[in-house]
Amino acid sequence: MKKINMVDLKGQYEKIKGEIDDAIHEVLDTTAFINGPVVKTFQSNLEKYLGVKHVIPCANGTDALQIAMMALGLKPGDEVITTSFTFIATAEVIALLGLTPVLVDIDPNTFNIDPDSVRKAITTKTKAIVPVHLFGQCADMDAIMEIATEFNLKVIEDACQAIGADYTFKNGETKRAGTIGEVGCTSFFPSKNLGAYGDGGAIFTNDDELANQCRIIANHGMVVRYYHDLIGVNSRLDSIQAAILNVKLKYLNEYSEARNKAANAYNQAFSKSKNLQVPAQFAQSTHVFHQYTLLTKNINREGLHEYLESKGIPAPIYYPVPLHLQKAYQDPRYKEGDFPVTEDVCKRVLSLPMHTEIDEEQLAFITGSVLEFVNK
Ligand SMILES: *Cc1c(COP(=O)(O)O)cnc(C)c1O
């Protein structure tokens, strides 16, 4: 059996090596390393794939979130509501911009932001909501968009883990993750579902003016060369990464299918176990399984984690600590016990290897090993 990795970038690369190598060499031959024509090509292909008017490439997903918030004109003191259960980048940029992160609890089944808690957290200072489509499945965007409309709030989707997921509204309309709110953000970090071979990110929007602001901010606030109208940042997707992503975008749907196949195998093995809760399928969203995350019940999660690791099976905890209990994010407004669902989930989640190259032998070994521990 091949060594089991959390992601298998090597195996994935080998299958499309010819195309990737050619794409990289084309950039090397032209030496258009920054803003080369392939960046535009990728941008336009991604716009088509997502069905969105504007894709603004940038240096990483964290920058995408920051640029989006700057472009929306959010000001220090403005409150931004987000989930207490996410990767730190979501709250980090809110804090860095001097905005006030307002955390709320999650839905215990989907792990996504709970709309009722969002509603309760709204004050006169609230300006935006940042739903995170965690682990590859969209948050309840019917409810979130309804709240945003009612209170005139901006919605910034953190779609870093969910590129390619589809959300179907209760009225039947379908949109891709990241194209629902005012603005969506994604990451092309190598292990993400559409991963580059280095850092990368992008902002999505249907709003012409907002797109323009994002482009200006990502480019030092420069409108005319060496005339700076805004204080911006330096955030670019380099041409080699764009060339790689342009090849991989063609395979993104196949990659999502491969992830779903692996998830189905896991579900089949675990759905009958009284000690494991398989990931809930939210009716309005497809799932692209950035992570396959189990919820353990009445078993020792750390014990299972160690058992799997001892058998060569990576089983990371995403995420062990809720945002409000992180050292850097200590805040007199929050204390332990404030977000009971998030706090409980952090103690019980465990993720299993999930990637596009995982094979049946590996899946059988992983599921067998999990059940061995669970049924012990
Ligand atoms: C990966 C990720 C980010 C940040 O992306 P980078 O490209 O690493 O900066 C932000 N939010 C979520 C939910 C992520 O998973």
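The values are calculated or read from the model by the stated rules, or taken from the named source; none is laboratory data. Just so you know, these numbers come straight off a predicted model, no measurement behind them. As a convention, Cβ positions derive from the backbone with ideal geometry for all residues, glycine included, and neighbour counts pool all protein chains shown.
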Worksheet item: Can you find a residue in region 268-289 that is crowded, with 17+ Cβ neighbours inside 10 Å, assigned to a helix (DSSP H, G or I), away from the ligand (no atom under 16 Å from the Cβ) and not assigned by TED's automatic domain parsing to the domain that holds Lys175?
Response: yes
Worksheet item: Which of (1) within 16 Å of the ligand (Cβ to nearest atom); (2) of a type outside the set (Phe, Trp, Tyr); (3) outside any loop (DSSP other than H, G, I, E, B); (4) not assigned by TED's automatic domain parsing to the domain that holds Lys40 is the odd one out, the single condition Ala265 does not satisfy?
Response: (1)
Worksheet item: Out of all the residues in region 1-43, which are among the β-branched types (Val, Ile, Thr), under 20 Å from Pro57 (Cβ atoms) and in contact with a Pro (Cβ under 9 Å, 6 or more places away or on another chain)?
Response: Thr30, Val39
Discussion item. Looking at region 103-114, can you tell me whether even one residue there is assigned to a helix (DSSP H, G or I), farther than 24 Å from Glu357 by Cα and not aromatic (Phe, Trp, Tyr)?
Written reply: no
Discussion item. Under 6 Å between Cβ atoms, which residue pairs at least 6 apart in sequence (or on different chains) link something in region 317-338 that is assigned to a loop (DSSP other than H, G, I, E, B) with a partner that is among the charged types (D, E, K, R)?
Written reply: Pro322/Glu343
Practice prompt. Being more than 13 Å from the ligand (Cβ to nearest atom), crowded, with 18+ Cβ neighbours inside 10 Å and either in contact (Cβ under 8 Å) with a residue 60 or more places away in the chain or closer than 12 Å to Thr82 by Cβ (or both) is the filter here, so list the residues in region 139-152 that pass it.
Written response: Asp140, Met141, Ile144
Worksheet item: With respect to Leu97, is the statement that it is closer than 21 Å to Asp207 by Cβ and touching a residue at least 60 places away in the same chain (Cβ under 8 Å) true?
Response: no
Discussion item. For the structure I just gave you, tell me whether Lys75 is buried (at least 20 other Cβ atoms within 10 Å of the Cβ), of a type outside the set (Asp, Glu) and either part of a helix (DSSP H, G or I) or over 21 Å from the mean Cα position of the chain (by Cα) (or both).
Written reply: no
Practice prompt. Output the number of residues of region 48-60 satisfying the condition of being assigned to a helix (DSSP H, G or I) and either in contact with a Leu (Cβ under 9 Å, 6 or more places away or on another chain) or touching a residue at least 60 places away in the same chain (Cβ under 8 Å) (or both).
Written response: 2
